[in-house]
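Notes follow the structure.
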Amino acid sequence: MTPDIAVRQRPAVREFRSFPLLSPDECAAVSGELDTVSADWHLRWGTKDWLATLGATGYLDLLDAEGRPTRKYYWLASKFNPILREHFGPLHARIAEALSDILAAPVRYAPDFALPGFHIFGHAILAKQPSASPAHFDNQHHNLDHHLYGVADLNDAVSFNVLIEAPPEGAGLRLWDLFAQDVDRAVAAGTSRGYRDLEAFQTFAVRRYGLGELNVHSSHQMHQVAPTEHITPDMRRITLQGHALRYGAEWLLYW
Ligand SMILES: O=C(O)CCC(=O)C(=O)O
């Protein structure tokens, strides 16, 4: 292997890392702004008590209920992107600048993909964690229509989020020392039928989010919303979420 190839094959992000981005006052301003557009929230289960998003998101909108590709994601992106741009444009600019530093490469928002948007977890879904949000890899980049942007490196995807509001106890992420590529290798070798068979699935660590910090992790690492105890009806958990995918020398950001 030449040194060049070795450098390119090293994942841009493997460890979960956090970076200061917003102050508590800025988080409160973002959450207040989000409330001014609450009529535009997409209620994923018909009620704000459960899960709402402001924005289209690949994991919910790229495939239909039978797992077939649909154009709904692109239609929802064209509906929500102008709202996100109007109300949160400066926040997107700060995130892009921070990610460019972290990834040491140029980044930009992919015009036809959904802009990073918000998960608004209501008290009812928070009370049902962890089962309401199962452990998973972020695999949605496999279903994006990449032809507008060239060749994506599907083996080096990055996920990021910013905690905007949380119950008093805080919020965080469960992380397993288990990567999608490990599962693929074990299944191909016939030593496992899926991630549940692997030793690494038996234990996880919890990373607490700091309010306003930009958290970055590999999309290929197994993760899950960490449960919060003692939920009352006035509580909610709001994160901005997005992903980065490398196309040649630049990274495109989307949700
Ligand atoms: O809100 C969060 O903590 C991130 C959730 C997550 O990991 C996901 O939706 O893939």
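Laid out as a table, the results:
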| item | result |
| --- | --- |
| Within region 199-236, tally of residues that are over 18 Å from F118 (Cβ atoms), acidic (D, E) and not in a loop (DSSP other than H, G, I, E, B) | 1 |
| Candidate set: region 225-241, residues that are among the β-branched types (V, I, T) and either within 17 Å of the chain's Cα centre (by Cα) or crowded, with 19+ Cβ neighbours inside 10 Å (or both); chosen: the one farthest from the ligand (Cβ to nearest atom) | I231 |
| Residue identified as away from the ligand (no atom under 16 Å from the Cβ) and under 18 Å from the mean Cα position of the chain (by Cα) among L198, L103, L163 | L103 |
| The lone exception for K72 - which of (1) modelled with pLDDT of 95 or more; (2) exposed (fewer than 13 other Cβ atoms within 10 Å of the Cβ) it fails | (2) |
| Residue list for region 176-190, restricted to those being open to solvent by 40 Å² or more (accessible area, probe 1.4 Å) and either touching a helix residue (DSSP H, G or I) at 6+ places or on another chain (Cβ under 8 Å) or of a type in the set (F, W, Y) (or both) | D177, D182 |
| Test: E86 is of a type in the set (D, E) and touching a helix residue (DSSP H, G or I) at 6+ places or on another chain (Cβ under 9 Å) | no |
| Single unsatisfied condition, S133 versus (1) within 12 Å of G242 (Cβ to Cβ); (2) within 13 Å of the ligand (Cβ to nearest atom); (3) assigned to a loop (DSSP other than H, G, I, E, B) | (1) |
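The values are calculated or read from the model by the stated rules, or taken from the named source; none is laboratory data. In this text, all values refer to a predicted model and were calculated from it rather than measured experimentally. Neighbour counts run over all protein chains shown; Cβ positions are idealised from the backbone, glycine included. Note: areas computed on protein heavy atoms with side chains; ligands, DNA, RNA excluded. Shrake-Rupley method; radii C 1.70, N 1.55, O 1.52, S 1.80 Å.
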